[in-house]
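Have a look at this one.
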């Protein structure tokens with residue numbers, strides 16, 4: 001069930017209504033049941049795998065706390081939990097990638113092992129709830145979080161449906177206690193939550209899905225496009241990925257807010273950044289802080305000298321790239337961003353704020369997105385080569401798709417500019433009812449008139 | 001206290017709904033008005049033509065292969081009557097059936113030439129249902145297509161309550177085109193010639209028949225039975241393609257369609273029998289579409305074949 005579907009809206013209305021009707025204790029069962037239902041709509045059998053990992057981490061948490069004074073035993077349970085969780089992630093997400101590359105490397109040295117690739121569907125939200133589980137056991141190990149002995153609450157923590165598919169990746173300190181509060185019906189929460197969901201839908205269906213029509217047309221036919229067409233497609237992809245991801249986050253945060261839960265902010269207008277380091281403090285905040293706290297800092301962070309600092313940065317970004325997908329393009333994307341940060345630190349350029357620094361930052365970020373979107377390194381190479389060919393024929397595709405895209409981007413820019421520069425929060429909008437209602441009407445009709453709801457849009461798109 | 005808050009929320013919600021419904025109605029009214037003025041060269045102009053204007057004795061039905069393969073002026077000589085090409089780019093048999101029903105509401109043609117690409121008819125493809133959104137602006141106005149539109153998905157009936165949703169992704173198309181005049185002279189009775197030749201000599205096209213679409217096959221049988229009932233001369237055609245690779249799915253689909261034709265004793269003309277005429281790739285724009293030169297040759301050959309059949 002996708003967030004941008006009518007069935008999700010129906011599901012959300014039913015769950016939220018029941019949530020406020022029934023008493024507190026049964027609510028927890030409702031949340032767990034709803035989350036299980038949500039998860040099982042993708043591949044029902046995978047719920048067993050999810051519950052096994054939940055059980056392992058739940059038990060590990062108990063034993064870690066029980067042996068707080070026995071460093072070795074405590075560490076052992078942590079390692080078991082991390083290995084078990086990561087093993088599931090590795091099998092479903094990275095096994096085939098690892099085997100394919102192993103076979104290529106083996107072939108080059110004349111060795112042909114008999115290992116087969118396994119055809120399997122990736123469980124939905126695997127990368128997200130895996131990291132959320134790891135966050136819990138690590139915080140318990142560090143003594144920052146008390147073990148959650150209530151299995152029901154712990155299960156909801158891992159598979160809370162608003163954040164199950166695409167985050168934000170929550171910390172146990174932020175969310176677990178919220179499941180213990182019997183949230184009362186609160187008008188402000190309802191209004192703010194719905195408003196955030198509305199904005200999320202707009203970002204996703206009006207901007208992201210609309211831009212993908214143009215981006216796919218260019219990126220799926222790299223040999224047939226040159227120069228400005230590729231640059232425009234890459235620029236569009238930069239906005240597409242932001243609106244796709246941030247849109248989903250807004251829907252997740254908004255739907256949780258309606259029920260009284262406060263999830264962490266995941267995006268903070270990243271395309272208003274003047275440096276790559278600033279960009280990474282605004283982009284996918286829940287993931288970048290996760291990597292900071294659980295990989296970068298344990299590696300040593302910025303301590304132990306500059307070489308180690310830069311090395312730790314690079315490792316963190318390479319692994320972050322790999323987290324996004326099992327493909328060399330993601331690793332290159334992550335590595336590029338790591339290198340950008342390294343050069344910024346070396347040149348001490350991360351504090352400059354002017355048009356030049358903005359232009360350079362955005363150019364570097366947009367260039368890195370080319371690798372993120374390309375299906376493989378060969379395609380990325382073709383796109384880079386073709387990008388340098390001067391071609392005055394810009395690919396237009398369907399003019400109406402471009403019109404709707406530009407309209408959506410304009411609205412996005414106006415809203416984010418107001419938030420960034422004028423400090424006006426569109427989520428809190430105005431006390432003036434006319435302004436509020438005008439905003440709702442514009443956004444809703446943009447969704448109805450310009451949103452992409454199915455694959456039929458391709459008929460309006462001439463290749 | 002909560003009761004008061006809940007009532008306040010409901011009151012505000014109802015006010016917003018009222019505002020939205022009113023604006024939605026006005027938007028729908030405005031766009032409905034412009035839809036009627038769509039020029040014939042435009043998809044919606046052609047649908048409007050099918051709904052209330054078409055009076056041609058011979059109608060060509062089908063997808064893009066019908067649209068680009070059948071030259072009405074060459075075929076109309078055969079029957080000494082007018083001929084119109086009602087082919088539509090990228091549309092499946094479901095859509096074509098809807099158009100057919102819209103035409104039959106006010107006009108019974110003498111002859112219908114229906115182009116089929118077997119694998120498209122036999123194979124299930126969700127896009128065929130998604131593309132029924134082209135009919136969305138007409139929802140609620142024509143019973144013939146209302147049921148078809150709802151095949152798109154479970155919640156379509158609820159979504160289509162909104163007039164704005166019915167014009168999703170086409171509002172600017174409708175608005176801008178409604179100020180253009182219909183140009184019948186250059187329109188060639190619905191036929192759109194394809195110019196250019198196949199550049200890539202790779203004529204391998206892959207098709208995968210994963211799931212049979214029984215709904216479409218039933219529609220095909222419905223077409224046959226309607227034509228029999230209304231004594232319409234129905235001729236199915238499998239027009240030429242330039243696919244050289246052996247494809248199990250293509251063969252399987254052809255067998256299924258041919259069996260239906262035989263069981264129902266329907267005239268069908270398979271251009272595979274004319275391979276010597278269409279072995280030249282210069283007659284094709286791409287592996288499944290003839291260019292204008294190829295279309296003219298094909299239309300003349302079809303004319304000759306139909307002449308022989310009628311003798």
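Any read-out appearing in this document is the output of simple, stated calculations on the displayed coordinates, not a laboratory observation. Every value quoted in this text rests on a predicted model; they were computed, and no experiment measured them. Please note: Cβ atoms are built from the backbone with ideal geometry, for glycine as well, and neighbour counts cover all protein chains shown.
Quick one: helix B:292-310 against the long Cα principal axis of chain B, what's the angle to the nearest 10°, folded into 0 to 90?
Its long axis makes an angle of about 70 degrees.
Further, regarding this structure: Okay, helix-only estimate at 222 nm for chain A: each DSSP H run of n ≥ 4 adds -39500 (n - 2.57), divide by all residues, round to 500 deg cm²/dmol; what do you get?
Only helices count here, giving -21500 deg cm²/dmol.
Right, next: If neighbour count is taken as other Cβ atoms inside 10 Å, put A:225, B:142 in order from fewest to most.
Least to most surrounded, the residues fall as B:142, A:225.
Next up: Would you mind listing how long segment B:247-311 runs along its three principal axes, going by Cα atoms, in whole Å with the largest first?
36, 36, 17
Fewest first, what order do A:48, A:251 take by the number of other Cβ atoms within 10 Å?
In increasing order of surrounding Cβ atoms, one gets A:48, A:251.
Percent of Cα-Cα pairs per 10 Å bin, from 0 to the last occupied bin, for segment A:1-93, please list those.
Values per bin, smallest distances first: 14, 30, 29, 21, 6, 0.
Sticking with this structure for a sec: Starting from the Cα of residue B:155, step 7 Å along the direction of its Cβ; do the same at residue B:126; then give the gap between the two resulting points in nm.
1.4 nm
Specify, per residue and in Å³, the volume enclosed by the convex hull of the alpha carbon atoms belonging to segment A:34-142.
Looking at segment A:34-142, the number lands at 123 Å³ per residue.
Quick one: if you take sqrt(5λ) for each eigenvalue of the C-alpha gyration tensor of the protein assembly as shown, what semi-axes come out, biggest first, whole angstrom?
Output for the protein assembly as shown: semi-axes of 52, 32, 27 Å.
Please average, across the residues of A:438-445, the number of beta carbons from any other chain that are within 10 Å of each residue's own beta carbon, and give a whole number.
Across the residues of A:438-445, the mean count of other-chain Cβ atoms within 10 Å is 3.
Can you give the three extents of the C-alpha atoms in segment A:271-424 along their principal axes, from longest to shortest, in whole Å?
Over segment A:271-424, Cα extents along the principal axes are 55, 44, 27 Å.
Using the Kirkwood radius built from alpha carbon pairs, what does the Stokes-Einstein equation give as D for segment B:123-170 at 37 °C and 0.692 mPa s, in µm² per second?
Roughly 303 µm²/s, to the nearest whole number.
Still on this structure, please answer the following. Please rank A:419, B:206, fewest neighbouring Cβ atoms within 10 Å first, as an exposure proxy.
Ranking A:419, B:206 by Cβ neighbours within 10 Å, fewest first, gives B:206, A:419.
What 222 nm value per residue comes from the helices of chain B, counting each DSSP H run with n ≥ 4 as -39,500 (n - 2.57) and dividing by all residues, nearest 500 deg cm²/dmol?
-15000 deg cm²/dmol
Let me ask another. Note down the Stokes-Einstein diffusion coefficient of chain A in µm²/s, whole number, using a Kirkwood radius over alpha carbon pairs, 10 °C, and 1.306 mPa s.
For the chosen part, D equals 66 µm²/s.
Here's a follow-up. Share of antiparallel DSSP beta bridges in chain B, in percent to the nearest 5?
15 percent
Turning to a different aspect of this structure: Given N residues in segment B:207-266, what is its alpha carbon radius of gyration divided by 2.2 N^0.38 Å?
That works out to 1.28 for segment B:207-266.
Measuring from centroid to centroid over Cα atoms, what is the spacing of segment B:120-150 and segment A:3-38 in Å?
Rounded to whole Å, the Cα centres lie 32 Å apart.
Okay, next question. Give me the compactness ratio for segment B:86-165, meaning the Cα radius of gyration over 2.2 N^0.38 Å.
For segment B:86-165, the normalised Cα radius of gyration comes out at 1.15.
Alpha carbon centre of segment A:364-398 versus segment B:91-110: separation in Å?
Value for the Cα centre distance between the two parts: 44 Å.
If you take every DSSP beta bridge whose two residues both sit in the protein assembly as shown, what share of them, in percent to the nearest 5, is antiparallel?
Taking every DSSP beta bridge within the protein assembly as shown, about 15 percent pair in antiparallel fashion.
Same structure again: Relative contact order of chain A: what whole-number percent is it, with Cα pairs under 8 angstrom and at least 6 residues apart?
Dividing the mean separation by the residue count of chain A yields 17 percent.
May I pose another question? Quick one: Debye curve from the alpha-carbon atoms of segment A:254-348 only, equal weights, vacuum; give me log10 I(q)/I(0) at q = 0.17, 0.20, 0.21 Å⁻¹ to two decimals.
-0.79, -1.02, -1.09
Normalized C-alpha radius of gyration of segment A:332-379, against 2.2 N^0.38 Å?
In units of the 2.2 N^0.38 Å rule of thumb, it is 1.28.
While we're looking at this one, here's another question. When the convex hull of the C-alpha atoms of chain B is computed, what volume per residue in Å³ does it have?
Convex hull volume per residue, Cα atoms: 165 Å³.
How long is the gain from residue A:311 to residue A:293 if the chain were fully straight, where each residue apart is worth 0.36 nm and the alpha carbon distance is subtracted?
4.9 nm
Next up: When chain B is modelled as a GNM with alpha-carbon springs shorter than 10 Å, which of B:51, B:27, B:224 fluctuates the most?
Checking each option, the largest mean-square fluctuation is seen for B:27.
Which FRET efficiency, nearest 0.05, do residue A:389 and residue B:258 yield, Cβ-Cβ r, R0 41 Å?
0.25
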